[in-house]
Every structure is written in C-alpha cells, then in structure tokens.
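Engineer: Okay, here's the structure, questions in a sec.
Coordinate-derived values only; no laboratory data. Everything numeric here is computed off the predicted structure, so don't read it as measured data. Here Cβ is always computed from backbone atoms with ideal geometry, including for glycine, and neighbour counts include all displayed protein chains.
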Amino acid sequence: MPWNERMRARYERDRAQGGPVDILAIETSCDETAAAVVRDGRLIVSSVVASQAESHGRFGGVVPEVASRGHVEHVSEVVDAALRQAGHSPQTVQAVAVTFAPGLIGALFVGVTAAKTLAQFADAPLIGVHHLAGHMFAALLETDVEPPFLALVVSGGHTELLRVGARNELERLGATRDDAAGEAFDKVARALGLGYPGGPAVERAAREGNPLALPFPRAKLEEGTLDFSFSGLKSAVLLHLDKLRRAAAQENAPDVAASFQRAVVDALAEKVERALDRTGERIFVLAGGVATNQSLRARLEGVCAARGVRFVAPPAWLCTDNAAMIGAAAYWRYQQGRLDDLALTARAVMPLYEWR
Ligand code: KG4
Ligand code: ZN
C-alpha cells in the first residue's frame with residue numbers, strides 16, 4: 001500500500017477510535033528550533049524551544065545561513081526531547097505538524113524535511129501550518145477561548161489584523177504596507193545600539209523615558225483603512241538620531257525609545273478600535289512576538305475594557321516563536337481531515353488567506 005493510503009487508513013482508524021488527538025509539531029521558520037506535543041489543540045503536553053539568539057546577536061540580526069545550520073544541528077534532539085517528555089514516539093502521535101510558510105526558506109526546509117521523514121517513517125498524517133495562523137491559535141492553548149474573534153498578529157515579519165470565524169475561517173482586515181512592527185523595533189534598537197533582539201531592549205529603555213518627549217509622526221493613510229505603515233516612523237527615528245550625532249549632541253535613548261514605542265502603540269490601538277467597532281466581535285486576541293510588550297498589552301486591554309470585549313493575549317513564552325502554537329493550529333485542520341502529503345514543501349512567502 002502506498003504511504004498516502006496507509007496514512008489515510010491510520011487517520012480513519014484514529015478518528016473512529018475517538019481518543020485524544022496528540023499532535024507532534026515542529027517550528028523552524030526563523031531562529032528558534034522548536035518541537036511540542038499538543039493534545040486536542042488546547043493542552044501543551046510538552047514544548048521545547050532551542051533559541052539561536054546568541055549566535056545571531058553578534059551580527060545584530062538573524063543570519064539565514066546561520067539559522068539553517070543551527071536547525072540542522074538541533075532539530076533531532078529537540079524533537080526527541082518533546083516526544084520523550086510527552087511519553088510518545090513518532091508512531092503513537094496522531095499527526096505530525098510543521099510550519100511550512102512563511103519564513104526563511106532554508107530554515108523552513110529543515111523543519112519540513114524532518115516532519116516529512118517522521119510522517120513517512122510512522123505512517124502518520126502530515127499537516128503543514130502557516131506560521132501566522134500558529135501565532136493566532138496560540139491564544140487557544142490552555143484556555144477556553146473559541147472563535148469567532150478579532151486578532152492582531154504583530155511579529156518581526158508581520159502586522160496583520162484578522163477575523164477568525166466560527167468555523168476557523170480567516171479573513172484579513174488589514175496589514176502593514178511596509179515594515180512589520182517588530183522589524184521597526186529591531187531597527188530602532190540597532191540604531192540606539194541596544195542589540196538584538198531589539199523589541200525587549202527598546203521596551204526596557206522606554207521604561208526610563210518620556211513617551212511625549214519627541215513628536216515622531218503617525219502614518220497618514222487614507223480614511224477608513226485598517227492597514228498600517230511603520231517605515232515613515234522608523235525613518236523619522238533614524239533621521240533624528242543621525243542629526244543628533246552630526247551635531248555631536250547627546251542623545252537620550254530612553255526618550256527616543258519611549259516616544260517611538262508610543263507611536264507604534266498609538267497606531268496599532270487606533271486600528272484595533274476601528275476594527276472592533278466595525279465588526280462587533282466580542283473577543284480580541286493579541287498575538288506574535290510584539291504582543292509581549294507590556295505597554296501595548298495595557299493599551300489594548302483598555303480599548304477592550306471600554307467596549308466590554310474579552311481581551312486575550314497568550315503568556316509571553318507562547319507569543320514568541322514556539323511549536324505548541326503550530327500544534328494548536330494543526331488540530332483544526334486535523335479535525336477537518338485536511339491533511340497534506342509528501343509533496344508538502346517550504347515556501348518563503350505566502351499570504352495567510354492562501355492557506356485557508
Ligand atoms: O513572533 P516572533 O517571535 O518571530 C516572528 O515571527 O517574527 O517575533 C519576534 C519579534 C521581533 O521583532 C522582536 O523584536 C519583537 O517580536 N518583540 C518585541 C518584544 N518582544 C519581542 N517587540 C516589542 N516589545 C517587546 N517586548
Ligand atoms: Zn513568529
């Protein structure tokens with residue numbers, strides 16, 4: 001029997017038995033090598049994340065070749081650890097899920113190859129997951145949150161406002177037209193000499209600064225749009241620092257960080273308010289690496305409270321890249337019988353709506 005048929009037979013058998021669905025998930029889209037076992041899309045049975053931040057820190061950002069090599073070195077031990085901690089083997093999980101897009105192509109390729117090998121070896125169903133959907137479904141882990149909800153996903157690569165329907169259908173309401181919010185944090189951090197990853201460093205510096213010290217611009221987009229733009233803000237900050245340096249004037253890093261952060265939070269909050277009012281959604285999910293920012297969380301919590309909307313943001317360790325979120329997103333595909341085959345391949349660029 002070809003693999004495809006053996007895998008389908010295994011899926012039908014598991015579904016008929018009706019036990020818990022434990023999914024092994026793998027994530028290697030950027031600079032974290034991660035694996036997890038997630039039960040029924042909710043319960044984190046195990047989660048292992050090996051960060052490469054130290055290897056990239058010296059270069060001030062993620063170096064694709066370094067990332068791929070790091071994943072090759074660590075993926076087996078990370079997957080083994082996640083399986084072992086969950087008391088599983090590749091043969092006993094109900095499916096193998098993996099981030100296949102979007103991200104660094106070489107990095108994605110390592111995870112996809114590992115997942116395909118395991119699925120083939122164990123006749124396990126294979127599920128390719130869109131990284132952004134993973135960030136969104138992190139909100140369902142260890143909670144009772146159910147779609148429909150409005151979600152803002154803010155990471156190093158994306159800034160998107162999405163609506164998740166009752167049957168998990170995805171609708172994109174708005175997105176950044178240039179830089180992602182996290183990318184702007186990273187670039188400002190670099191210009192301030194705060195190192196990589198930049199977001200947490202800017203947030204720390206901002207705590208000592210005055211958010212009203214510098215009038216950085218808010219992007220002017222056409223009336224009514226739910227899109228974002230952060231490149232103008234980023235350039236304004238870099239220009240400001242450049243001017244100070246040329247005048248040999250002392251820069252006040254905390255004030256720059258705080259004023260920049262305020263401008264980002266203002267822009268995000270404005271669109272979230274508009275989207276909540278327009279859609280009437282009763283649950284709001286904040287996700288992605290930038291969602292760990294306390295100032296952003298506090299502001300959006302206030303926006304929700306003023307409307308009686310439930311505010312949900314995963315704990316910090318589930319906001320940054322991890323594999324548990326990939327297992328959570330994969331569960332919904334598994335339930336719908338939407339399985340992939342060995343033709344699954346990594347894709348550097350893919351809009352979320354193409355994965356629906
Ligand atoms: O979701 P994530 O771990 O990886 C991507 O998919 O991009 O997000 C990483 C991004 C980086 O740009 C990082 O600087 C940003 O999230 N970030 C933050 C904070 N923590 C991480 N940005 C602002 N404030 C933070 N506390
Ligand atoms: Zn991410």
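Engineer: At a Förster radius of 30 Å, what calculated FRET efficiency corresponds to the Cβ-Cβ distance of K243 and R207, to the nearest 0.05?
Structural biologist: With a Förster radius of 30 Å, E is 0.75.
Engineer: If you stretched the chain out fully between R39 and E270, how much longer would it get, using 0.36 nm times the residue separation minus the C-alpha to C-alpha distance?
Structural biologist: Contour length minus the Cα-Cα distance gives 79.5 nm.
Engineer: Would you please give the FRET efficiency between T143 and E73, computed as 1/(1 + (r/R0)^6) with r the Cβ-Cβ distance and R0 = 25 Å, to the nearest 0.05?
Structural biologist: E(calc), rounded to 0.05, equals 0.15.
Engineer: A follow-up question, please. If I stretch the segment between Q91 and T279 completely, what's the gain in nm (0.36 nm per residue apart, minus their alpha carbon distance), one decimal?
Structural biologist: Result for the pair: 63.3 nm of gain on full extension.
Engineer: Let me ask you something else. Compute the relative contact order of the chain as a whole-number percentage, counting only Cα pairs closer than 8 Å that sit 6 or more residues apart in sequence.
Structural biologist: Relative contact order for the chain comes out at 23 percent.
Engineer: Determine the sum of side-chain charges near G232: Lys and Arg each +1, Asp and Glu each -1, restricted to other residues whose C-beta is under 12 angstrom from that of G232.
Structural biologist: It works out to a net charge of +2.
Engineer: Here is a further query. Ignoring everything except DSSP H segments at least 4 long, calculate the 222 nm mean residue ellipticity for the chain; use -39,500 (n - 2.57) per segment, divide by total residues, nearest 500.
Structural biologist: -14000 deg cm²/dmol
Engineer: Roughly how many whole Å is it from the C-alpha centroid of the range 13-49 to that of the range 295-356?
Structural biologist: What the calculation gives is 14 Å, centre to centre.
Engineer: How much length would be gained if the chain were fully extended between R338 and E354, taking 0.36 nm per residue of separation minus their Cα-Cα distance, in nm to one decimal?
Structural biologist: 4.3 nm
Engineer: Aspartates and glutamates near K271 by alpha-carbon distance under 15 Å, same-chain residues fewer than 8 away left out - which ones?
Structural biologist: E160, E222, E223, D227, E281, E301
Engineer: Something else now. Around R42, under 13 Å between beta carbons, what's the net of Lys plus Arg minus Asp minus Glu among the other residues?
Structural biologist: Spelling it out: positives minus negatives among the neighbours equals -4.
Engineer: Please report, ordered by residue number, every helix of the chain (full DSSP H runs) that is 15 Å or longer along its axis going by C-alpha atoms and whose mean Kyte-Doolittle hydropathy reaches 1.0.
Structural biologist: 105-122
Engineer: Which FRET efficiency value, to the nearest 0.05, do you get for R218 and R15 by plugging their Cβ-Cβ distance into 1/(1 + (r/R0)^6) with R0 = 41 Å?
Structural biologist: 0.20
Engineer: In the range 131-278, what is the volume of the convex hull around the alpha carbon atoms, normalised per residue and reported in Å³?
Structural biologist: Given the Cα convex hull of the range 131-278, per-residue volume reads 124 Å³.
Engineer: Also, I was wondering about something else. Between L132, L212, L108, which gets the highest mean-square fluctuation from a Gaussian network model of the chain, Cα cutoff 10 Å?
Structural biologist: Of L132, L212, L108, the most mobile in the Gaussian network model is L212.
Engineer: Take every Cα pair under 8 Å in the range 156-216 that's 6+ residues apart, average their separations, divide by the length, and report that relative contact order as a whole percent.
Structural biologist: Once normalised by length, the contact order is 23 percent.
Engineer: While we're looking at this one, here's another question. With just the Cα atoms defining each centre, how far is the range 262-284 from the range 77-120? Give it in Å.
Structural biologist: Centre-to-centre (Cα) distance: 35 Å.
Engineer: If you add up the charges near P197, with Lys and Arg at +1 and Asp and Glu at -1, over every other residue whose beta carbon is less than 10 angstrom from its beta carbon, what do you get?
Structural biologist: In short, -2.
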